[in-house]
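**Student:** Supplied in C-alpha cells, the structure appears directly below.
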Amino acid sequence: MMKFMLLFSRQGKVRLQQWYSATQEKEKKKIMRELITIILARKPKMCSFLEWKEYKIVYKRYASLYFCCAIEKGDNELLTLEIIHRYVELLDKYFGSVCELDIIFNFEKAYFILDELMLGGEIQETSKKNCLKAIAAQDLLQEEADATRNVLEEMGLP
Amino acid sequence: MSQLLEKLTMPAPAKLRDLIRQIRSVRTQAEERAVIEKECANIRGMFRDEDNTYRCRNVAKLLYIHMLGYPAHFGQLECLKLIASPRFTDKRIGYLGAALLLDERQDVHLLVTNSLKNDLNHNTQFVVGLALGTLGNICSVEMSRDLAGEVEKLLKSSNAYIKKKAALCAVRIIRKVPELMEMFLPATKNLLNEKNHGVLLTAVCLITEMCDKSPDALAHFRKQNKMVPQLVRILKNLIMAGYSPEHDVSGVSDPFLQVRILRLLRLLGKNDSEASEAMNDILAQVATNTETTKNVGNSILYETVLTIMDIKSESGLRVLAVNILGRFLLNNDKNIRYVALNSLLKTVQTDLNAVQRHRSTIVDCLKDPDISIRKRAMELSFALVNSNNVRGMMKELIFFLEKADAIFKVDCTSNICIAADKYAPNKRWHIDTMLKVLSTAGSYVRDDVIAHMISLVSEASTLQAYTVQQLFRAIQEDITQQPLVQVSSWCVGEYGDLLMSGQVEEEEPLQVTEDEVLDTLEKVLNSSGSTAVTKSFTLTAVMKLSTRFTQTIPRIQALMDQFGSSVDMELQQRSVEFAKLFKSYDHMRSGLLERMPPLDAKVGSKGDGEEANTNGETTAVSPPASPAVKQEEGNALLDLLGGGPSPAPVIPQMEKPAAPPAASNDLLGDLLGLDLSSPAAGPAPMVPGMTAPQPQMDMLGGLMDGVAAQPAVQMSANNLGIPSLTAYEKNGLKISFSFQRDNSNANVVIITLTATNSTDAPMNEFVFQAAVPKTFQLQLQSPSGSVVPPSNMGVVTQVIKILNPQKAPIRMRIKLTYNYKGTDVNDMGEVNSFPAALWQ
C-alpha cells in the first residue's frame, strides 16, 4: 500500500501531503524535509525510484511540481508512476490544464480529487470519468448549500 | 440581538484566497511568520467565540497554514464541529481537516467515531463516501472495533460508489485488527461477480489482504471459492476485450486491475502446484500479449514476472520471465532498466543460468548514466562472477572501478577482492588483480584488503620478486594512496633484496639501486600526505632493509636517528628502538628482522565486512588501536619464552632500552619486559582458528617470529624421511599425522591430519581438538569438512602447526567428538610418539 503522497515545488514548498498510516506530526515534518532534500538534489537523468528506509520512493516531476509517493517493498513502482500520472490527468481535467497556482489556491480540491482516486493507500477507482463525476456531484451539493447560505448572509443572518 | 449587531458591524474575516495571496506576497520567512501568527490569533479568537458563520472558512485557512508547516492542532475540535454540521460544505472541509490534523493518538477520535457512525448511515451517498474516505485514511484500532459492523453493512450495499469505499475501509480495518477478518469473509463471496471495475479492484485488494494476513483465509479462497479460475476469467476478459475508453490507459485495459489480480494470483499460487498450474496459461498469455512500448504495459509485465518467479511455474515460463527482464535491460526508459536489475538481483539465486545469459547486457549497465542503475548493475555483476567468467568480468569491473563514483569504490574494491579470492584461476592473476585494485582505487580499499594482499604475497613464494617490483614501480609513481603505500612498504621491506635481483619472468627487470629504494621510502616518510600508520609501515620496512641491503646500512641508521625525534610518538618509539637495535643489540638484528613465514590468508579474510574503515588511520594496523590483541601477543611470547632454561642465551641479559616506558604496547617493550620466570604449566588447549595470529599485526609480529627463530641454526627444509604416524584408531575412526618442516622457519612443524572412517555409516559433526604443553604454540587451521564418509570413501584433513622454539620433544593431547548413527561420541587421547626428527 501507499504510505503517503507528497506534492512539492522545485523550491521545496509542500503543496499537498496525504498520509495513509498514522504518523506523528514531528515525524511527518522530518520525513518531508529529508525526502524533499534528497529528491531535489537528484539529477533529471536519474531514475524515478529510490530506496529509502523501509520504503520505495517513487517520484515524478510535472512542470514545477514534484509528485512523490512512498510505497512498500512489495509494491509495483512502475504502476505507482501510473497512479501519479492518473492523478495528474484528473487534476488537469478538473482545472483545465492545471498549473501549480491552481493547486495552491484550490488545495482542498486537490485533496478531494485525490480522495476519489485513492483511499487508505490503495487505488479505489480506475475510471477517470467516475472520479470526475463524483467530484462534480459533490461540488454541486456544496454550491447548493452555499447558495442558501449566501442569501442568509446577505440578510445579515448566520 | 446585541451580539448579532456586533457581528454585523465587525468586518468579515479575510477569505482563504486572500490569505494565500497575502502569504505568497511576503518576502522573508519572518514576514510570513508574522502574517500567519496574526491570522492564527484571529482564528483562535473566532473559535473561542463559537462563531458558526466562518468556521468552515477558518478551518480551511488553518489547513493551508498547517501545510506550510505551522502548528494547527487547535483546529481539531473545530473539524469535529464541522463534521457534525448538516451542511455539505462544512462536512467536506471537516472531514478533510480530520484526515489532516488528527492522528491516531488523539482522544478526539472518540468524538469523531460518533459522527462517523451517523454519517455512515446518512442517506446521501456522498456523505457516506466522505465518512468512509476519512475512516479508510485514519482508522485506529478502537475505531475499527466500533465501526466494523457499519462497514460490513455498506460492503453489501447495492451502490458501487459506496461498496468500493467500504471494501477499502475493510482492508484498513483488517490491517489494524486482523481478527475482524471473519466478519467480512461472507461479503467477499459475490464481490468478484461485479461488473464495476472500482468494486472489482477493491474486492481483489480486500481478498489479497485477507490471504496475506491469514493462512486459513488463503486456503479457504484456494479451495472452497475456486478463486483462481475466477481471477483467470476476469484477467482473460480484460486482455481479450476490445477497447473500452473508460478503463484504457494507452492501449492497455485497466492496468490497475490487472496488476492487482496478478498480485493475488501470486499469493494463491505460492507453494501450491495445483493453483500454479491453473494460472500458467494466463500468465504466459499476459507475458506475451502485453504491449511493451509504454511504461504502463511494462508495469503489468513486471508484475507478471514477479508472479511467475514466486509461484511453482513451469521452467519454460520462468525462462520467459527472465527474458522479459533481459528485454527490460535494453529499454530506453531508465526506470524499467532499474526495475529489471532489481528483479534479476532477486531471482539470480534461483535462476542463475537464465540470468547468466544476460550477463553482457548487465555489464553494459555498469556504464549507465543513472547512478542507481549502475549500483544495481554492480551488485548483479558480482553475483554473476564465477570461475568460468572471472577474467572477463573482473576486467569490466576494474574498468568500472576506475570511473566509478566514490561511494561505490569501497564496495566495489572489497567485492573484487572477495571474487578474486574465490575464483582466481592462478596466483599470478590474483596478485595482478589486487595490484590493479590497489593502484586504481587505493584510497578506497578496506583495511582487511591490505592484510589480505600481504598474506597473499607472502604465500606466493615464486611471485614475490615480481610483486615487489610491481609494487615498487607503483609507489615510485604515486605515494598518495595510503593502502597501496602500506602494502608496497611491507613488501619492499620484506623482499627488498629481490628488488635488485632482476629475475622476473616476462616483465622488464627493474633497474634500481639501494639508494633509489630508500629515496622513495624516505619520500613517503616525509610526505605530509602519509598517515601515521603508513609511516609506521614504511619505517619498519626501512629497518628490515638493513639486513637485506648491503651498501646503505649507515643511511638507514641515520634515518632511524632522525626519526628518533619525530613528534609522532609511535614513530619516535619505533625508531628509537630500531636505533637501539643497531647500537646495543646488533648481533640480534639479523635474527629479529628475518623474513616472515607465509601468512595464512584465511585468517586475514575473516574480518571481511566487519571493519568498514576505508583508510587505515584508526584500525588495528596500528598497534595502539588494539590493546587486547597486543596483550595476547605478549602472552604468546610468554609462552614462547617462558619455558625455563631457554636456548636463547642473549635474552635474559637484555636490559630495558631507553624507549619511553609508558608505551607498554610496543613489541620490544613486551619482549624485554617479560616475566621470564613463569614456568610452563599444563597444556594450553586451543580451539581451531581461535588464536591464529592476525596478519595485520605481523608487521610487528614479524619481529617476534624472528626472535623465536633467532637461536636456531638455519636448517634446510626436510620434508622427506619423517615417517607418518597413527595418532588414534578406535571404533573404525583412524587419524594419522604426516609431517613437514616449514621452509622459512625451522622451528615450525606442519602436521597434516587425515581422518578416515572404515565403518559403514558416516561420522557427522566431526571435531578434532588438540592441546600442547605451554612451551609450544599450536595453531589449528579449519578442517576440510565435518563429515568423515563411511567405508574409507573419503577423508577429512586438517593442518596443525606447532611452533617449537625450544626444540623439546613434542607431546600432544587430542580430543575428538563426532556423531555416529545419532549418538554423540567423545574421546580423548595422548600422542607421545612423535618422531624425534621433528625437533632435532
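The values are calculated or read from the model by the stated rules, or taken from the named source; none is laboratory data. Given the structure is predicted, the values throughout are model-derived calculations rather than measurements. Every residue, glycine among them, receives a Cβ derived from its backbone with ideal geometry; neighbour counts consider all protein chains shown.
**Student:** Just checking, which of A:L79, A:L35 is part of a helix (DSSP H, G or I) and touching a helix residue (DSSP H, G or I) at 6+ places or on another chain (Cβ under 8 Å)?
**Tutor:** A:L79
**Student:** Any residue at all in the range B:779-797 that is within 16 Å of B:L838 (Cα to Cα), touching a Pro at 6+ places or on another chain (Cβ under 7 Å) and crowded, with 20+ Cβ neighbours inside 10 Å?
**Tutor:** no
**Student:** What do you reckon, is B:K164 in a helix (DSSP H, G or I) and within 12 Å of another protein chain (Cβ to nearest Cβ)?
**Tutor:** For B:K164, the condition - in a helix (DSSP H, G or I) and within 12 Å of another protein chain (Cβ to nearest Cβ) - is met.
**Student:** May I pose another question? Quick check on the range A:149-158. Is at least one of its residues in a helix (DSSP H, G or I), at the interface with chain B (Cβ under 8 Å from one of its Cβ atoms) and either surrounded by 18 or more Cβ atoms within 10 Å (Cβ to Cβ) or at pLDDT below 95 (or both)?
**Tutor:** Yes, some residue in the range A:149-158 is in a helix (DSSP H, G or I), at the interface with chain B (Cβ under 8 Å from one of its Cβ atoms) and either surrounded by 18 or more Cβ atoms within 10 Å (Cβ to Cβ) or at pLDDT below 95 (or both).
**Student:** Only one of B:A837, B:A771 is assigned to a strand (DSSP E or B), of a type in the set (A, V, I, L, M, F, W, C) and over 35 Å from the mean Cα position of the chain (by Cα); which?
**Tutor:** Criteria check complete, one pass: B:A771.
**Student:** Still on this structure, I have one more. Only one of B:G198, B:G129 is closer than 27 Å to B:F74 by Cα, assigned to a helix (DSSP H, G or I) and within 12 Å of chain A (Cβ to nearest Cβ). Can you tell me which?
**Tutor:** B:G129
**Student:** Within the range B:247-267, which residues are over 23 Å from B:V171 (Cα atoms) and in contact (Cβ under 8 Å) with a residue 12 or more places away in the chain?
**Tutor:** Across the range B:247-267, the qualifying residues are B:H247, B:V249, B:S250, B:G251, B:V252, B:S253.
Rundown of residues vs (1) farther than 17 Å from A:G120 by Cβ; (2) in contact (Cβ under 8 Å) with a residue 24 or more places away in the chain; (3) hydrophobic (A, V, I, L, M, F, W, C), yes/no style:
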| site | (1), (2), (3) |
| --- | --- |
| A:M2 | no, yes, yes |
| A:F8 | yes, yes, yes |
| A:K13 | yes, no, no |
| A:L35 | yes, yes, yes |
| A:L50 | yes, no, yes |
| A:K60 | yes, yes, no |
| A:A70 | no, yes, yes |
| A:E82 | yes, no, no |
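**Student:** Name every residue in the range B:201-238 that is of a type in the set (D, E, K, R) and assigned to a helix (DSSP H, G or I), in order of residue number.
**Tutor:** Those that are of a type in the set (D, E, K, R) and assigned to a helix (DSSP H, G or I): B:E209, B:D212, B:K213, B:D216, B:R222, B:K223, B:R233, B:K236.
**Student:** Moving on to the next point. From the residues in the range B:132-143 that are surrounded by 21 or more Cβ atoms within 10 Å (Cβ to Cβ) and assigned to a helix (DSSP H, G or I), which one is farthest from the other protein chains (Cβ to nearest Cβ)?
**Tutor:** B:M143
**Student:** Can you tell me which residue among A:K73, A:K26, A:K30 is assigned to a loop (DSSP other than H, G, I, E, B), within 12 Å of another protein chain (Cβ to nearest Cβ) and out of contact with any Ser or Thr (no Cβ under 8 Å at 6 or more places or on another chain)?
**Tutor:** A:K73
**Student:** Pull up the range B:245-267, narrow it to residues that are closer than 15 Å to B:M309 by Cβ and more than 10 Å from chain A (Cβ to nearest Cβ), then point me to the one that is surrounded by the fewest Cβ atoms within 10 Å (Cβ to Cβ).
**Tutor:** Only one residue tops the list, namely B:L267.
**Student:** Within the range A:132-145, does at least one residue satisfy the condition of being more than 8 Å from chain B (Cβ to nearest Cβ), within 30 Å of B:D254 (Cβ to Cβ) and in contact with a helix residue (DSSP H, G or I) (Cβ under 8 Å, 6 or more places away or on another chain)?
**Tutor:** Within the range A:132-145, one or more residues are more than 8 Å from chain B (Cβ to nearest Cβ), within 30 Å of B:D254 (Cβ to Cβ) and in contact with a helix residue (DSSP H, G or I) (Cβ under 8 Å, 6 or more places away or on another chain).
**Student:** Let me ask something additional. Of the numbered conditions (1) of a type in the set (D, E, K, R); (2) surrounded by fewer than 17 Cβ atoms within 10 Å (Cβ to Cβ); (3) not in a helix (DSSP H, G or I), B:D103 fails exactly one; give the number of that condition.
**Tutor:** It fails just one condition, (2).
**Student:** Quick check on my filter: what residues within the range A:99-108 are in contact with a Leu (Cβ under 8 Å, 6 or more places away or on another chain), without any contact (Cβ under 8 Å) to a residue 60 or more places away in the chain and more than 9 Å from chain B (Cβ to nearest Cβ)?
**Tutor:** If the condition is that a residue be in contact with a Leu (Cβ under 8 Å, 6 or more places away or on another chain), without any contact (Cβ under 8 Å) to a residue 60 or more places away in the chain and more than 9 Å from chain B (Cβ to nearest Cβ), then A:D102 is the only one that fits.
**Student:** B:A219 fails exactly one of the following numbered conditions: (1) surrounded by fewer than 21 Cβ atoms within 10 Å (Cβ to Cβ); (2) in contact (Cβ under 8 Å) with a residue 12 or more places away in the chain. What is the number of that condition?
**Tutor:** Unmet condition: (2).
**Student:** Hey, does the range B:23-31 have a residue that's more than 12 Å from chain A (Cβ to nearest Cβ), surrounded by 14 or more Cβ atoms within 10 Å (Cβ to Cβ), at pLDDT 85 or above and not in a helix (DSSP H, G or I)?
**Tutor:** yes
**Student:** For the range B:162-219, which positions are of a type in the set (G, A, S) and closer than 18 Å to B:D254 by Cα?
**Tutor:** Hits for the range B:162-219 are B:G198, B:A203.
**Student:** Applying the selection to the range B:47-64, what residues are within 11 Å of another protein chain (Cβ to nearest Cβ) and of a type in the set (A, V, I, L, M)?
**Tutor:** B:V59, B:A60, B:L63
**Student:** Could you list all residues from the range B:32-67 that are crowded, with 19+ Cβ neighbours inside 10 Å and of a type in the set (D, E, K, R)?
**Tutor:** If the condition is that a residue be crowded, with 19+ Cβ neighbours inside 10 Å and of a type in the set (D, E, K, R), then B:E39, B:R55, B:R57, B:K61 are the ones that fit.
**Student:** Just one of the numbered conditions (1) away from chain A (no Cβ under 13 Å); (2) surrounded by 12 or more Cβ atoms within 10 Å (Cβ to Cβ) is not true of B:G242; which one?
**Tutor:** Unmet for B:G242, out of (1) away from chain A (no Cβ under 13 Å); (2) surrounded by 12 or more Cβ atoms within 10 Å (Cβ to Cβ): (2).
**Student:** When residues of the range B:201-242 are filtered for being under 21 Å from B:L155 (Cα atoms) and in contact with a Ser or Thr (Cβ under 7 Å, 6 or more places away or on another chain), how many remain?
**Tutor:** So the count comes out to 4.
**Student:** Checking the conditions here, which among A:I104, A:I135 is in contact with a strand residue (DSSP E or B) (Cβ under 9 Å, 6 or more places away or on another chain) and assigned to a helix (DSSP H, G or I)?
**Tutor:** Checking each option against the conditions leaves just A:I104.
**Student:** Which one of A:G120, A:G96 is on the phi > 0 side of the Ramachandran plot and facing chain B (nearest Cβ under 8 Å)?
**Tutor:** The unique qualifying residue is A:G120.
**Student:** Which ones in the range B:68-100 are at the interface with chain A (Cβ under 10 Å from one of its Cβ atoms), over 19 Å from A:L140 (Cα atoms), of a type in the set (A, V, I, L, M, F, W, C) and part of a helix (DSSP H, G or I)?
**Tutor:** Correct list: B:A99, B:L100.
**Student:** Of the residues B:D119, B:D146, B:D107, which single one is over 20 Å from A:K109 (Cα atoms), more than 11 Å from chain A (Cβ to nearest Cβ) and without any contact (Cβ under 8 Å) to a residue 24 or more places away in the chain?
**Tutor:** Going through B:D119, B:D146, B:D107 in turn, the sole match is B:D107.
**Student:** Same structure, new question: Give the range B:287-316 a look and list any residue that's more than 14 Å from every other protein chain (Cβ to nearest Cβ), buried (at least 19 other Cβ atoms within 10 Å of the Cβ) and in a helix (DSSP H, G or I), or say none.
**Tutor:** Of everything in the range B:287-316, those that are more than 14 Å from every other protein chain (Cβ to nearest Cβ), buried (at least 19 other Cβ atoms within 10 Å of the Cβ) and in a helix (DSSP H, G or I) turn out to be B:A287, B:I308.
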